[in-house]
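Student: Sending over a structure as structure tokens; questions will come in a sec.
The values are calculated or read from the model by the stated rules, or taken from the named source; none is laboratory data. The shown structure was predicted, so the numbers you read here are calculated from the model rather than taken from an experiment. Cβ placement follows ideal geometry from the backbone for every residue including glycine, while neighbour counts extend to all protein chains displayed.
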Amino acid sequence: MRYAARRTWPEKIKAWEYLGESEDMQDFALMFAEDKRLPADTEFVVIEKAGAESEIEFFKVTRTEPYALVAAEPRVESASNPAPAESGADAGTSGVLGARAMDGGVEAIAGVWRAMFGNALFFGKVGGTALLLFVTAVFLAKWWFNAW
């Protein structure tokens, strides 16, 4: 099978930096790490070059001499808040990490509610201020100019 690989963390490479063939994805990932002499804690992605149904897997270098890899979660947040990697025991037993949707969970929902509440509060403040200005203008017009 044909595969391509590139680093994703700590530096994110945009182009595929390693192309080649191997029997399986794990062997190709190990070849990539050894050939590029990647340091420990470097994360990278490997994709199968098979068209629309290409398989994608993320790996993390855990040891450099000899090289050892574990399956890792894709990083979607900033570098200051690192994503937790899969433990070595879980990665060893599962073998291949399936692509999981990173929806953010409770934090994402809380952020949406916080934004909705903030917007409602903002429009309430603006509406209240406009109503107060209107009532003040009516009061001043009646008191100063005896308009009504």
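One line per residue, one yes/no per condition, for (1) in a helix (DSSP H, G or I); (2) modelled with pLDDT of 85 or more:
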site: Gln26; (1), (2): yes, no
site: Met31; (1), (2): yes, yes
site: Asp41; (1), (2): no, no
site: Val46; (1), (2): no, yes
site: Glu53; (1), (2): no, no
site: Lys60; (1), (2): no, no
site: Arg63; (1), (2): no, no
site: Ala68; (1), (2): no, no
site: Ser80; (1), (2): no, no
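Student: Checking Ala4 against (1) of a type outside the set (S, T, N, Q); (2) part of a loop (DSSP other than H, G, I, E, B); (3) buried (at least 16 other Cβ atoms within 10 Å of the Cβ), which single condition isn't satisfied?
Tutor: Just one mismatch for Ala4, condition (2).
Student: Among the candidates Ala130, Ala99, single out the residue that is out of contact with any helix residue (DSSP H, G or I) (no Cβ under 8 Å at 6 or more places or on another chain), at pLDDT 50 or above, among the small types (Gly, Ala, Ser) and not assigned by TED's automatic domain parsing to the domain that holds Glu11. Give the derivation first.
Tutor: Working: Ala99 fails: at pLDDT 50 or above.
Criteria check complete, one pass: Ala130.
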